[in-house]
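Presented below is the structure to which this report refers.
Bear in mind these aren't lab numbers, they're just calculated from the coordinates by the rules spelled out. What you see is a predicted model, and the numbers here were worked out from it, not measured in a lab. Cβ placement follows ideal geometry from the backbone for every residue including glycine, while neighbour counts extend to all protein chains displayed.
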């Protein structure tokens, strides 16, 4: 079946997470994504992961997670011959993505201002911590730095545990998602105008709108963020509650859900209690309300209450371990993962695209590439002879 990005060629100079996550979305959609990696060790993520044996093979779990459907070409871009190869690739490509610090590509003589003259239809996406301009543009940035500077860590946790970082690289991931969306938008614009363009993606910019409700309360309503831990600041009761054998999430965000919850728990009298009758008053009195609810919830199991409350239209659910979450029937039904053979490792599970397209499916078709796995193939397609490619290799160009 056709793929949305068939015949789109992407040159991916990115490392670790934000850039590779962006180009993974393009690869899922059928673009030919060529990772341009340094000949020594390639993408740093090749050595990152919890299995030392895989790291030594330059196929670390972190790399495997973000690089299905891609090809690997090694180029030492400090050498003129490698720059020439890259420029020849740019002439026939649609997108360049990089996540170096600002100015690195210009110093290599391969910045956007040069490449756009070679290919006027080129879309060039630069991902960095703070963007290409501004007082912080040249500062180094990792995900945790952005989580702190953006305010994310300041609004997580509760009075006992704050500041608190998210349990995965939130800002890198969101930055990659923002970049993928921007590249798709630029491709759409190019279809109408014929013009390529430069895209400046900052991880700091990218995470800010994700805090929209909290930020709006502060900027528009003048309300400082509340350290509520597992409580939902928009409604009550809405959060995590103890049961007979663990915990349950309950989100009785609507008035009818609140009323159904009280009926289910045998606490109908709370509907007329002045402390809890109205939504905004309930929010102020949540810590008086929660122990009353938990006293009833502790009389039965999480699964019992989840089934009963959901049947009444009160959103609720178990709090699963990551292992259990990855293995639920719903996740299996949605084909969130696929199993694919990776040379030197065996079968591994990788994420599929999570958008389900009716006519143009997006999925994993090929395993993440070994370092330089496709160098000969790509260079021969460009017209270089085997003798020339062998010379490139012996001279450290590839």
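List of remarks:
- Highest average packing first - 124-134, 161-171, 256-266, Cβ atoms within 10 Å: 124-134, 256-266, 161-171
- Euclidean distance of C-alpha centroids, segment 1-44 and segment 152-222, integer Å: 21
- Per-peptide packing, taken as the mean over residues of other Cβ atoms within 10 Å, places 136-147, 96-107 in the sequence 96-107, 136-147 from highest down.
- Highest-MSF residue in the chain out of 342, 364, 95 [GNM, Cα springs under 10 Å]: 342
- Highest-MSF residue in the chain out of 37, 377, 295 [GNM, Cα springs under 10 Å]: 295
- In the chain, the longest principal axis of the Cα atoms and the axis of helix 255-264 are about 60 degrees apart.
- Here the sum of -39500 (n - 2.57) over DSSP H runs of 4 or more residues, divided by the residues of the chain, equals -10500 deg cm²/dmol at 222 nm, to the nearest 500.
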